[in-house]
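Starting off with a structure, shown below.
Values quoted throughout were computed directly from the atomic coordinates according to the rules given, and no laboratory measurement underlies them. Bear in mind the structure is a predicted one, so any value in this text is a computation, not a measurement. As a convention, Cβ positions derive from the backbone with ideal geometry for all residues, glycine included, and neighbour counts pool all protein chains shown.
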Amino acid sequence: MDFDLMITSFPKLLSATVITLKLLSASLFFGLFIGLLFAILRLNKNPIINKFAYGYSYVFRGTPLLVQIFIIYFGLGQIEYFRSTFLWAVFKEPYWCAIIAFSLNTGAYTSEILRSAFQTIKPGIIEAGKSLGISSRVIFFKVQIPIAIKQSLPAYGNEIILMMKVFVIYVS
Amino acid sequence: MELLYFGDNGWGDELFIATLMTVAVSISAMLIGFLFALIFTPLKLSKYKILNLIGNFYTTVIRGVPELLVIYLFFFGGSGAIMYVASIFGYFEYIEINAFITGSFAIGIISGAYSTEVFRGAIQSIDKGQFEASKVLGFNKYIHFFKVIMPQMLRLALPNLSNVWQITLKDTSLISVTGLVEIMRQSYIAAGSTRDPLLFYSFAAVLYLLLTFISMKFLNRLEKNYSRGF
């Protein structure tokens, strides 16, 4: 054990931790929105929209995160047309690529968590709201979302911890 | 598309062999994980505090540490540790351990921690009366475990075990950092030498999806088979 090396490298490791936390919070923030969007799409009655959302979560949960990062970072730069658009400035940076890949990945898992939370809400609660004459938008934001958040918090906590561990991939 | 053909000009055959390698690593890692689960599940369920502590230590540490770190630790630290032990016995040559063995051990220890939790949960959710009944009937320990507890435990554990399998399958992509030629490593090599990363990484994604799809179908059938009569 080389304690001198440990002490001298500690500040560097600490500043690296700050980068990890920044990336984590940014991608969790975007991932939550992506997850919410796709959870709502999953519950849509239209089979095409439904299948699309299912396909998204299936692909992103079925492939390793390493593959997704490699496709986004190395693969997308290959398309000539893509290089000429303004998006290229974003995808050139490894930092932004990491945020995009991690957000898309955590979005897929979050959408599954939220979907199951929405499905556990008893239909009676929604019907009660309807019979009181409350508009369906108000029911969604004031009744369904608070219940879904409460239901999904334990599973979402697991997801945050998994994401934190997964960030090690970013270094490679 | 020609790049994916089988033969000398295409990477199809190389990627096929790499896929087999991924499957081989995942299966051996899963089996090593079962071995660890077999050791640590009884520890977690034991009535002695110290044994509980050891079991909890294993699952908490492994599940709380990033997978890549465990792989690095095994691959770079493993041969160092073995060489240190060998030097005590007077052997000073460089020892290199096979990437397949270290890789499947590293992933196996990780999946073992998850399997331990799954088995613990499954055994704890078996009805208490079953344990008491088998005691009353005077079964010995062997019959008690293999004929009474195990079949019920497997049924309860299977859905979660198929989750563990999916996690293990995807974790094997991380072994590519040690140079073992599995899907990820092979596509990295192919992408590097053909300058076509988009094609090869997308194809790698398709291969992983195929593997998860096939294993899902198989495991669903197995689940149905085990939950017969309930």
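Under 19 Å from the Cα of B:Lys147, which lysines turn up, not counting those fewer than eight places away in the same chain?
B:Lys128, B:Lys135
If you build the Cα gyration tensor of region B:157-227 and take the root of 5 times each eigenvalue, what three semi-axes come out, in whole angstrom, biggest first?
Over the Cα atoms of region B:157-227, the semi-axes work out to 30, 13, 7 Å.
Same structure, new question: Quick check on packing: order B:119-126, B:189-196, A:110-117 by the mean number of other C-beta atoms within 10 Å, highest mean leading.
On the way: B:119-126: 17.1, B:189-196: 15.0, A:110-117: 22.5.
Peptide ranking by packing, descending: A:110-117, B:119-126, B:189-196.
About its Cα centre, what dipole magnitude does region B:17-224 give when the only charges are +1 on Lys and Arg Cβ and -1 on Asp and Glu Cβ, stated in debye to the nearest 20?
Details: 16 positive and 10 negative charges, 179 e Å.
Dipole size: approximately 860 debye.
Also, I was wondering about something else. Nearest 10 degrees, 0 to 90: what angle lies between the long axis of helix A:94-120 and the longest principal axis of chain A (Cα atoms)?
The answer is roughly 30 degrees.
Please determine, in degrees from 0 to 90 and to the nearest 10, the orientation of helix A:145-166 with respect to the longest principal axis defined by the Cα atoms of chain A, where the helix direction is its Cα long axis.
Approximately 20 degrees, to the nearest ten.
Ok, one more. Going out from 0 in 5 Å bins, what whole percent of all Cα-Cα distances in chain A drops into each bin?
Spelled out per bin, shortest first, that is 1, 8, 13, 16, 15, 14, 11, 8, 6, 4, 2, 1, 1, 0, 0.
At 0.692 mPa s and 37 °C, plugging the Kirkwood radius over alpha-carbon pairs of region B:132-191 into Stokes-Einstein gives what diffusion coefficient in µm²/s? Kindly include the intermediate steps, with their values, before the conclusion.
Details: Rh = 14.9 Å.
Taking Rh from Cα pairs, D becomes 221 µm²/s.
Using DSSP to define loop residues, name the chymotrypsin sites (Phe, Trp or Tyr not before Pro) in region B:41-89 whose beta-carbon has at most 12 other beta-carbon atoms within 10 Å.
Sites meeting the loop and neighbour criteria: B:Tyr48, B:Phe89.
Once Lys and Arg get +1 and Asp and Glu get -1 on their Cβ, which of B:Gly90, A:Ile126, A:Thr8 lies farthest toward the positive end of the dipole of the protein assembly as shown?
A:Ile126
Direction-averaged shadow area of the convex hull around the Cα atoms of chain B, nm²? Walk me through the numbers before you get to the answer.
Numbers: hull surface 68.1 nm².
Seen from a random direction, the Cα hull of chain B projects 17.0 nm² on average.
Put +1 on the Cβ of each Lys and Arg and -1 on the Cβ of each Asp and Glu in chain B; which of B:Leu158, B:Phe75, B:Thr178 then has its Cα farthest toward the positive end of the dipole?
B:Leu158
A further question on this structure: With +1 on each Lys and Arg Cβ and -1 on each Asp and Glu Cβ, how big is the dipole of chain A about its Cα centre, in debye rounded to the nearest 20?
Values: 15 positive and 7 negative charges, 156 e Å.
Using Cβ point charges on Lys, Arg, Asp and Glu, chain A gives about 760 debye.
Report the charge-dipole magnitude of the protein assembly as shown in Debye, nearest 20, computed about the Cα centre from +1 at each Lys and Arg Cβ and -1 at each Asp and Glu Cβ.
Working: 32 positive and 21 negative charges, 428 e Å.
The calculation lands at about 2060 debye.
What helices in chain B pass both tests, a Cα length along the helix axis of 27 Å or more and a mean Kyte hydropathy of -1.0 or higher, using whole DSSP H runs? Before the final figure, lay out each step's value.
Working: long enough: B:12-45 (48 Å, 1.71); B:99-124 (37 Å, 0.93); B:150-171 (29 Å, 0.08); B:197-226 (43 Å, 0.84).
Helices meeting the span and hydropathy rule in chain B are B:12-45, B:99-124, B:150-171, B:197-226.
Can you work out the base-10 log of I(q)/I(0) for the protein assembly as shown at q = 0.06, 0.10, 0.13, 0.14 1/Å, using the Debye formula on its C-alpha atoms alone?
Computed log10 I(q)/I(0) values: -0.31, -0.85, -1.32, -1.45.
What number, rounded to the nearest 500 deg cm²/dmol, is the helix-based mean residue ellipticity at 222 nm of the protein assembly as shown, given -39500 (n - 2.57) per DSSP H run of at least four residues and division by all its residues?
On the way: 18 runs with 299 residues, N = 402.
Counting only the DSSP helices, I get -25000 deg cm²/dmol.
Let me ask something else. From other protein chains only, count the Cβ atoms within 10 Å of every residue's Cβ in B:201-207, then give the mean.
On the way: counts 13, 5, 1, 6, 10, 4, 2.
The shielding value for this peptide is 6.
Using only Cα atoms, locate the centre of region B:185-214 and the centre of region A:78-130, then give the distance between them in Å, rounded to an integer.
Their Cα centres are 23 Å away from one another.
Highest mean first, how do B:144-152, B:200-208 rank when packing is the count of other Cβ atoms within 10 Å averaged over residues? Mind dumping the intermediate values first?
Values: B:144-152: 14.2, B:200-208: 22.6.
Descending mean neighbour count gives B:200-208, B:144-152.
Can you list the equivalent-ellipsoid semi-axes of region A:1-96, largest first and in whole Å, using the square root of 5 times each Cα gyration tensor eigenvalue? Could the numbers behind the result be given before it?
On the way: eigenvalues 248, 82, 34 Å².
Three semi-axes, in Å: 35, 20, 13.
Moving on to the next point. In whole angstrom, note down how far apart the Cα centers of region B:75-123 and region A:1-70 are.
For region B:75-123 versus region A:1-70, the Cα centre distance is 29 Å.
Continuing with the same structure: Just from the alpha-carbon atoms, what are the Rg and Dmax of region A:15-70 in angstroms?
Calculated on Cα positions, Rg and Dmax stand at 14.5, 48 Å.
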